[in-house]
Amino acid sequence: MIERVIPTIDYPEEAIEQEDWLNVYNTFASNRFDAEDASKEITKGGGSETTNSMAINDYLLYGSVYNDYFREFLEENGIEGPDRRRLE
């Protein structure tokens, strides 16, 4: 999981298993600023591209990956497998 690679991010795995949704919400809320800072760093890339401060939050909450630099980060750290669309 992502919290192994980014230790400042707390992932509420136990609360999710127990369906303690208030605790899940509170954990994600308390992670917000750390997740935004880490997201900006990961998605920095080169040139004049803009960073995505919500990359980690979008990934944790919705499973969405909209940024190529973030996808590469996930793949390089064994969090996600290769994007099949890029392999075709």
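Observations on the structure shown:
- Test: ILE79 is aliphatic (A, V, I, L, M) and in a loop (DSSP other than H, G, I, E, B): yes
- Of the residues SER53, SER64, SER39, the single one that is in a loop (DSSP other than H, G, I, E, B) and open to solvent by less than 30 Å² (accessible area, probe 1.4 Å) is SER64.
- The range 1-23, residues that are outside any loop (DSSP other than H, G, I, E, B) and over 15 Å from ASP58 (Cα atoms): ARG4, VAL5, GLU13, GLU14, ALA15, ILE16, GLU17, TRP21, LEU22, ASN23
- The sole residue among ASP68, ASP10, ASP20, ASP83 that is over 10 Å from the mean Cα position of the chain (by Cα), at pLDDT 90 or above and not aromatic (Phe, Trp, Tyr) is ASP20.
The values are calculated or read from the model by the stated rules, or taken from the named source; none is laboratory data. Nothing here was measured: the structure is a model prediction, and the numbers come from that model. Side chains included, ligands, DNA and RNA excluded: accessible areas come from the protein's heavy atoms. Shrake-Rupley method; radii C 1.70, N 1.55, O 1.52, S 1.80 Å.
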